[in-house]
1. Yes or no: TYR389 free of Cβ contacts under 8 Å to residues at least 40 places away in the same chain and either assigned to a loop (DSSP other than H, G, I, E, B) or of a type outside the set (Gly, Ala, Ser) (or both)?
2. Check every one of the strands (runs of 3 or more DSSP E) wholly within region 282-359 and list those with 2 or more residues that are surrounded by fewer than 16 Cβ atoms within 10 Å (Cβ to Cβ) and within 28 Å of the chain's Cα centre (by Cα).
3. Can you spot a residue in region 465-476 that is within 24 Å of ALA589 (Cβ to Cβ) and either at pLDDT 95 or above or in contact with a strand residue (DSSP E or B) (Cβ under 9 Å, 6 or more places away or on another chain) (or both)?
4. For region 487-496, name all the residues that are surrounded by 16 or more Cβ atoms within 10 Å (Cβ to Cβ) and out of contact with any Leu (no Cβ under 9 Å at 6 or more places or on another chain).
5. If we keep just the residues of region 226-263 that are in contact (Cβ under 8 Å) with a residue 60 or more places away in the chain and within 24 Å of the chain's Cα centre (by Cα), which is surrounded by the most Cβ atoms within 10 Å (Cβ to Cβ)?
6. Could you check region 176-211 and list, in sequence order, the residues that are surrounded by 23 or more Cβ atoms within 10 Å (Cβ to Cβ) and either small (Gly, Ala, Ser) or within 26 Å of the chain's Cα centre (by Cα) (or both)?
7. Go through region 603-661 and count every residue that is within 30 Å of SER347 (Cβ to Cβ), part of a loop (DSSP other than H, G, I, E, B) and either polar (S, T, N, Q) or touching a Lys or Arg at 6+ places or on another chain (Cβ under 6 Å) (or both).
8. Name, by its number, the condition in (1) in contact (Cβ under 8 Å) with a residue 40 or more places away in the chain; (2) assigned to a helix (DSSP H, G or I); (3) surrounded by fewer than 19 Cβ atoms within 10 Å (Cβ to Cβ); (4) touching a strand residue (DSSP E or B) at 6+ places or on another chain (Cβ under 7 Å) that does not hold for ALA599.
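The values are calculated or read from the model by the stated rules, or taken from the named source; none is laboratory data. Remember, it's a predicted structure, so these values are computed and weren't measured experimentally. Methodologically, a virtual Cβ is constructed for each residue, glycine included, from the backbone with ideal geometry; neighbour enumeration extends over all protein chains shown.
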Amino acid sequence: MIRSILIAVWIVLLPSCATMPPSTTTDKPLRAHAEFATVNPDFPVLAARTRNFSLGEPRSIQFVPNSSLVFFLRSGSQSFAQDLFALESDTGEERVLLSADSLLGGAAEQLSVEEKARRERMRQMARGIASYQLSSDGRHVLIPLSGELFIYDVESGAVDSLNSDSGYPLSPSFSPDGKSIATIRDRDLYVTDRITKNERRLTYAKHDEITNGLSEFVAQEEMGRLAGYWWSPDGKQIVYQQTDTSPVEKLHIANAVHPERPPQRWPYPRAGTANAITWLHIMPTDGGQPTWINWNRDHYPYLVNVRWTNNAPLTIQVQNREQTKSVLYQVDENTGATTQLLEETDSAWINIDQQMPRWLEDGTAFFWTTERRGQWQLELRNADGSLRYEITQPAFGYRSFVSYIAESRELLVYASDSPLDRHVYSIQLAEDGEPSTPTKWTDAPGLHSLIADAGHKQFIRRVENLSDASSQELTERDGKPIAKIESRADQVPFEPQVELTTIGADKMFHAAIVRPSDFQRGQKYPIIESVYGGPHANYVTKSGRRYLQDQWLADHGFIVVRLDTRGTPKRGRDWERAIKGNLIEIPLAEHAAGIRALAKRYPEMDINRVGIQGWSFGGYFSAMAVMREPGLYKAGIAGAPVVQWEDYDTHYTERYMGLPQRNEAGYRSANVLTYTEKLTRPLLLIHGTTDDNVYFMHSLKLSDALYRAGIPYEFLPLSNFTHMVADPQVAAQRAYRALSFFTEHLKP
């Protein structure tokens, strides 16, 4: 690492290198700043190589229909390359079914630029068999890998492949009967017969700005919708999204390490600018003319989701630009005409639940979620959209849907009255009238997860807690163990010492406190706030793994704290929407008040030595904290910060801030550049140069403003890295750099 000083600017540069493949590790020595690590000095390296000790855990677990098999993906403890495994529930034995090496014959895996971008949207670092899909009868498995589509026969073990010269396959999926496979190649939708391998092209993009069957950037990044096409229940038709990005501003990302390479060009809709135009069409899978689905795109330009299930009508959910109205439509599959089923409105914004609507198997009703009464609730609605009854009440703390068995009318959901936990509940729906009182299935504190088989007879259970003693177990309905799905993850070298508390007389903010393992009462310790601070995320939970980095930092003579104040979810509509119009004003004031209150309660916290660090929104929050609250925060690390909200995407920014043209004061107040001349505290900026989520221009604009004002700061550009930092060496260096920064600025 080279450190150079240019006038009043401190710039720390990494060696110029391209991003390492996520499946590789390195044994190169980590010298710079590592000398500050006197306790568990190898922890950052091990944590980076194991992705915080999660590599090697079973993922994508599925019960195989009509069999006793459970499929899952798993890698080695220090590898991102996953294999497909099968667990035999009758015997508890597991075996490898497929690996990337066996499928590719040892050849290196290749990813297209579009596939890399799709995985970035999913925050997916996995390589090898990154995903798979089971056919509805459980007889075949579809595996996309390195530009090929492989079909695995579960009974015979035979592997076949679908080769094509039409382009790299994106978003492949089985038809409902498993006989055909749809995929997107070079911006168009194709359907291939699994047995004959005959390929049929269904769409023809008119120009380079048109895509068929792919979701647009904001749908992937902000709505949680990756799908851009949907099969009809009988497999004879496909609904597909057609997208025109020609109105969208184009941003370019160059690899500065390789200036001989042309930059990548991406449509990126910045707040207040034009979005992509989306249409929906219904196309027969044997070819022909598509049927255009008609709704008022001028009023509702955002396509939220599409549902088409057995015995139920095709439904679509759309949203207005301001995200204050959302409408669920029923679609006539023959004409494309739409009929409104229901509408949700909120003066601030509508939160999206991608699990809904969920239709009953007979099509007479559907489940729906709403925040209409101030808390999330689950409802049962008639086929015409009218309310049949409320399944849960506001005080129940509904979180999300797990599964439903029509024969027994049993519903499984996640719920909790605290944002720190997640529990499993069973609800029995009556034939007529109100549902039964929810029955709690889980008691131990922590975040419970459940995967149910088709008949609610066997389950995969997991719980994350503060001791991080999590495991995944196959059980019977009564909880009796059948088999454990083994984890190959490396053992965590220590258990975080976390105290959970609340602070504040009226707001009752949740807080987490991590003290040094050798904590001495009567001694004063500097404070580091580990922060996110943004909407749609809880930073204080009962998952011990989240605090491992905090504990390592604390063990070097700090007290690390976290806070969740207003603007965070799972505490009701008013609590979450208090930030409307200004993303920073209330959270920053309440975080500062929370830190001061904690220091007043705990004498070991030195209020005169407080630092703060965060990534993404947390990086934005950290930059704002040292500029606007310099009396409290004495040093800050801002990783990949949003600096100017006009430069972030439409759907996220406008949800909370409104359009820039209608909220100039709010955007100015929430802009880091408004306060650059107030910076008097040490600030370290870190940003990936090829970030396609929070573009590198954010930190460059802040760097330029500080430089012109003659204000010293430090800048660490991560050469050719995106918003995720997968390279273990670079991730470890980042931890060492943070430790040295806070040691320098917060210790006597």
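1. No.
2. Ranges flagged: 338-345.
3. No, the conditions are met nowhere in region 465-476.
4. Applying the first criterion (surrounded by 16 or more Cβ atoms within 10 Å (Cβ to Cβ)) to region 487-496 yields 487, 489-490, 492, 496.
Across region 487-496, the qualifying residue is only SER487.
5. GLN241
6. Result: ALA182, THR183, ILE184, THR211.
7. Residues that pass the stated criteria total 3.
8. Of everything listed in (1) in contact (Cβ under 8 Å) with a residue 40 or more places away in the chain; (2) assigned to a helix (DSSP H, G or I); (3) surrounded by fewer than 19 Cβ atoms within 10 Å (Cβ to Cβ); (4) touching a strand residue (DSSP E or B) at 6+ places or on another chain (Cβ under 7 Å), ALA599 misses just condition (3).
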